[in-house]
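Trainee: One structure follows; several queries about it will come next.
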Amino acid sequence: MLFLPVIERELRVASHQARTWWRRVLVALVGLVVLALVYFESSRWANAPRIGGEMFIAFSVLVFVFCLLAGPLSTSDCLTAEKQQGTLGLLFLTRLRSHDVVLGKMWGASVSALYGLLALLPLLSLPLLLGGVGLRQLWMAALSFLVVLFLSLATGMFASALVRRSLAAFVLTMIVLAFLTIGLPVIGEEFLGIRLHSHRLAPFFYAPCPLLSMESIFSPGRAPVWRFWLNLGCMSGLSLVLFIASCWLTARAWRDRPPSAAGASWRERIHRWSVGDAQARLAYRRRALNLNPVFWLDDRYRLRKTILWGCFLLFVTFWMVQWQWEGRYWIRYDAVVTVGLSLQYVLGFWLAVEAARRFAEDRQTGALELMVCAPLTNAEIVRGRLKVLCWQFGWVVLASLAFCVFLLIVNVLKWNSVVLYWRDDFTLACLGGIILFPLQLAYTALVGLHQGLTHRTVLQAAFATVWRVLLLPWLAFVLFAIADDLVRHRLGIRIFTLSDKMVILIWFALFLFCGLGFALRAGWCLRTQFRTLAARAVGDRWWWRLLRI
């Protein structure tokens, strides 16, 4: 028997797939584009060493994000897919051990991520030629990225071994990585008063935090070397612990054990709290079925609404506490914009997942064919799903809009002249964002329903929806800004001058009409081609095969 045969098999399969090599080319091209943009933008005002420093910082942030997202995108569904299909137990009928399976799945899923990182590391040395970056920073960055990549992959494997659904594993991986990367600095800086730059408690408190390694890279002269090695050692140890836990969970995940009495009791309580007792379910069933059967099918679960409201109230409470502690810092321009964008994009991704979830999961289980055979028109099915999304997200969206308006009003009160404030471009941009907020969520709901019918999994449909509605307008606006800068400053062609208000108007129009076009197309397909799309076999899209780094 071969040593680690699953790794040998996964590597053999990956080596025969063209996307394994095209992903590396794509990652390298993205890195080159980022370096070129930073170079052309920085060369207008900086000398060569400063340009090299700016390129190194921007590219390091890109590689850092790439390494963090490798786990959620590649390893978070390695074992959940096997458990859902019931094939995980078949692997243990052979002489394979749990570490063979976990190592094989992890290595097979991470080979593209490792190749992508190896393609980016030579580009990281280009700023070294311009100056402003030392060789010490280069090797520190390379080691940090390898350790962060291992931590992200191990976290994804742990989540995949712990839960049975791919979406839950993805969310759990993102939560753990967000806590280590952002949560620890927020707790330490805001609540415990432990500054990231201090040399007493910070190296020990932030030891598992990936941001500490970035801080050591960007300021090599201020931070001692032992602090960097302590951070790498702690992240490596945490990754090893997560890997061992994944092996232990995988060895027991495939066994069908009867549920314990305590576990069954808690599940029954949660189910009763989510859908109500028998009388409440019967009364609600009669009312909802008269409205729309599809509406009753999804709206009976109250737990989803409770979790959504709980997250929103927790966010608002955190902001209120920080406002009381630090005063005007949390009502500045950047704070208002950050809060608004955070609410919009978190709710947008959540809505995209919920919009695509029912149709994508029903396709996997075969329930979508039963829904198509029911005596319901296409409009009734779509209307029922839209009504569920409206009841689930409508009041939270209104509360978020009210909170954004409250932030804007509080920001107005710190100005001496209210009339002057309302003429400011920042206010115009905020008002445009408040108008776009509910419109983009409405676009997301329609496009999410359509993508749920045309994609194999919930995550594929959610990412396709977010790309079309929430990210593509930003890409168009950035390309417009780059083209305008190239024409006006590089080529010296000044056909007309764009004022700040015209730029805001162009930004508003891009977000309005880009999402509107996708929403109109999705509505037309749902109204006229619902049953055709439901009966069509779908597979992984080419962009998802490339995205799964």
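Coordinate-derived values only; no laboratory data. Given the structure is predicted, the values throughout are model-derived calculations rather than measurements. Neighbour counts are summed over all protein chains in view; Cβ atoms, including those assigned to glycine, are modelled from backbone coordinates with ideal geometry.
Trainee: Based on the Cβ-Cβ distance from residue 289 to residue 395, what FRET efficiency comes out when R0 is 30 Å, to the nearest 0.05?
Mentor: Rounded to the nearest 0.05, the efficiency is 0.80.
Trainee: Which order results if 77, 100, 484 are arranged by neighbouring Cβ count within 10 Å, fewest first?
Mentor: Arranged by neighbour count, lowest to highest, 77, 100, 484 become 484, 100, 77.
Trainee: For the range 5-253, just the Cα atoms, rotate onto the principal axes and tell me the three extents in Å, largest first.
Mentor: 63, 46, 27
Trainee: Over the Cα atoms, compute the radius of gyration (one decimal) and Dmax (the largest Cα-Cα distance, rounded to a whole number) for the range 284-547, in Å.
Mentor: Cα radius of gyration and Dmax of the range 284-547 are 21.3, 70 Å respectively.
Trainee: Just report the Cα centroid separation between the range 77-91 and the range 32-47, whole Å.
Mentor: One Cα centre to the other: 47 Å.
Trainee: Read phi for every residue in the range 393-403 and hand back ³J(HN,Hα) as whole Hz from Karplus 6.51 cos²θ - 1.76 cosθ + 1.60, θ = phi - 60°, with x for Gly and Pro.
Mentor: Karplus-based 3J(HN,Hα) across the range 393-403 equals 10, x, 5, 5, 5, 4, 5, 5, 4, 4, 5 Hz.
Trainee: Mind ranking 318-325, 395-402 by how tightly packed they are, going by the mean number of other C-beta atoms within 10 angstrom, highest first?
Mentor: Ranked by mean Cβ neighbours within 10 Å, highest first: 395-402, 318-325.
Trainee: For residue 240 and residue 97, compute 0.36 nm times the residue count separating them, minus their Cα-Cα distance, and round to one decimal in nm.
Mentor: Contour length minus the Cα-Cα distance gives 49.7 nm.
Trainee: Here's another thing I want to ask about it. So the label point goes 7 Å from the Cα of residue 226 along Cα→C-beta, right? Which residues of the range 179-195 then have their backbone N under 20 Å from it?
Mentor: Within reach of a label on residue 226, which here means backbone N under 20 Å from a point 7 Å along Cα→Cβ, the range 179-195 contributes 195.
Trainee: Relative contact order, percent, of the chain when contacts are C-alpha pairs under 8 Å separated by at least 6 residues?
Mentor: With pairs under 8 Å counted, the relative contact order is 15 percent.
Trainee: Any idea what the relative contact order of the range 5-253 is, in percent, if you count C-alpha pairs under 8 Å spaced at least 6 apart?
Mentor: 26 percent
Trainee: Strictly greater than 32 Å: what percent of every Cα pair in the chain meets that?
Mentor: Cα-Cα pairs of the chain separated by over 32 Å account for 55 percent.
Trainee: In the range 13-35, which residues have a backbone nitrogen under 12 Å from the label point lying 7 Å from residue 478's Cα in the Cα-to-Cβ direction?
Mentor: Hits in the range 13-35 for residue 478 at 12 Å: 30-31, 33-35.
Trainee: For the peptides 404-413, 241-250, what is the packing order when you average, over each peptide's residues, the other Cβ atoms within 10 Å and list the highest mean first?
Mentor: Ranked by mean Cβ neighbours within 10 Å, highest first: 241-250, 404-413.
Trainee: How would you rank 166-173, 371-378, highest first, on the average number of other Cβ atoms within 10 Å across their residues?
Mentor: So the order, starting with the most tightly packed, is 166-173, 371-378.
Trainee: Return the sequence-ordered ³J(HN,Hα) values of the range 31-48 in whole Hz as given by the Karplus equation 6.51 cos²θ - 1.76 cosθ + 1.60 applied to θ = phi - 60°, using x for Gly and Pro.
Mentor: For the range 31-48, the Karplus curve yields x, 5, 5, 4, 4, 5, 5, 5, 5, 5, 6, 6, 5, 6, 9, 10, 8, 4 Hz.
Trainee: Per 0.36 nm of contour for each residue apart, how much would the distance between residue 322 and residue 334 grow if the chain were fully extended, relative to their Cα-Cα spacing?
Mentor: 2.8 nm
Trainee: What is the spin-label model distance, in nm, from residue 307 to residue 178 if the labels are put 7 Å beyond Cα along the C-beta direction?
Mentor: 1.2 nm
Trainee: Test of understanding: given the chain, find the longest segment containing no trypsin sites (Lys or Arg not before Pro) that are in a DSSP loop and have at most 11 other Cβ atoms within 10 Å.
Mentor: By the stated rule (loop sites, at most 11 other Cβ atoms within 10 Å), 256-413.
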